[in-house]
Number of protein chains: 2
Amino acid sequence: MLNQQSAALNRMFQALADPSRRVMVERLARGPASVSELARPLAMSLPAVVQHLQVLEASGLVRSEKSGRVRTCRIEPAALKAAERWIAERRSTWERRLDRLGDYLAAETGRPRRGSKP
Amino acid sequence: MLNQQSAALNRMFQALADPSRRVMVERLARGPASVSELARPLAMSLPAVVQHLQVLEASGLVRSEKSGRVRTCRIEPAALKAAERWIAERRSTWERRLDRLGDYLAAETGRPRRGSKP
């Protein structure tokens, strides 16, 4: 289970590490789009866009479905949330540590912490 | 400026795409650590750990300084925050879009949105 989560995080962060793929995610955050709509702001061939789309789909951040000749792509907010949560949890661990350090220093010096109520 | 930000995001997400580097970030979120402390839970050689550390430092997520023979590593919360903010902004764009869609559907059907006050 942990390994599955870890592999999913590898793929999501890897997917987000490319500027063109981030442009695609930004576009899809504003609503579903076809592959050619996704390609419009990008200076690359359609096959290159499709390759980036495959990386995004493999990461779970985006899904797409074909209807007739048009493939419509959508963002998958739960995956976006999972990547965000991983970072937020690390940051909050660090902030709690700072709080404890502040409490300790206040107790040692006998002075209230900056920003704490008297 | 935008390109600098984009290059920084490339490096940060790339740094977070590796499970060993995430273990190192998790450890550093609990407080500063030496390189050998970082290496302890990882099944790899010290030079391999140093290489991962270099990727983390190049991404801005971690900084380190040498004092005598010990190199102490610390997390850089501002960088962690920047990566988190990028994802959070995409997610909130998507959520605002859903809200507008809900308002539109409520107006069309004349029914209040689920969860909205009467």
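The values are calculated or read from the model by the stated rules, or taken from the named source; none is laboratory data. Note that the structure is predicted; figures quoted are calculated from it, not measured. In this analysis, Cβ positions are derived from the backbone assuming ideal geometry, glycine residues included, and neighbour counts consider all displayed protein chains. Accessible surface is based on the protein model in full, side chains and every heavy atom, while ligands, DNA and RNA are left aside. Shrake-Rupley method; radii C 1.70, N 1.55, O 1.52, S 1.80 Å.
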Practice item. Heads up, I need the accessible area for A:Lys66: 1.4 angstrom probe, whole protein in place, Å², nearest 10. Key: 130 Å²
**Study point:** Where labels lie 7 Å past Cα in the beta-carbon direction, separation of A:Glu26 and A:Arg63 in nm
**Key:** 2.6 nm
Revision key, fill the gap. About its Cα centre, chain B carries a charge dipole, from +1 on Lys and Arg Cβ atoms and -1 on Asp and Glu Cβ atoms, whose size in debye to the nearest 20 is 240 debye
Practice item. Take the alpha carbon gyration tensor of the stretch B:54-116, find the square roots of its eigenvalues, order them as a ≥ b ≥ c, and report rounded if a/c is under 1.5; if not, report prolate when a/b exceeds b/c, else oblate. Key: prolate
Check your understanding: Roughly to the nearest percent, how much of the accessible area of the protein assembly as shown is carbon and sulfur, given a 1.4 Å probe?
Key -> 51 percent
Review point. Which value, in nm² and rounded to one decimal, describes the direction-averaged projected area of the C-alpha convex hull of chain A?
Key: 11.2 nm²
Practice item. Please name the residues of the stretch B:14-63 whose accessible area, counted over protein heavy atoms with a 1.4 angstrom probe, falls by no less than 40 Å² between the chain alone and the full protein assembly. Key: B:Gln14, B:Leu16, B:Ala17, B:Arg22, B:Glu26, B:Ala29
**Study point:** Other copies of B:Arg85: label-to-label distances in nm, shortest first, labels 7 Å along the beta-carbon direction
**Key:** 2.4
Review point. Rounded, prolate or oblate: which fits the protein assembly as shown when a ≥ b ≥ c are the square roots of the eigenvalues of the alpha-carbon gyration tensor, with rounded for a/c under 1.5 and prolate only if a/b beats b/c?
Key: oblate
Check your understanding: How much mean residue ellipticity at 222 nm does chain A get from its helices, if each DSSP H run of length 4 or more adds -39500 (n - 2.57) and you divide by all residues, to the nearest 500 deg cm²/dmol?
Key -> -22000 deg cm²/dmol
**Study point:** Where A meets B: accessible area buried, both sides, 1.4 Å probe, Å²
**Key:** 3000 Å²
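With a 1.4 Å probe and every protein chain left in place, work out the accessible area per residue of chain A in Å², rounded to a whole number.
61 Å²
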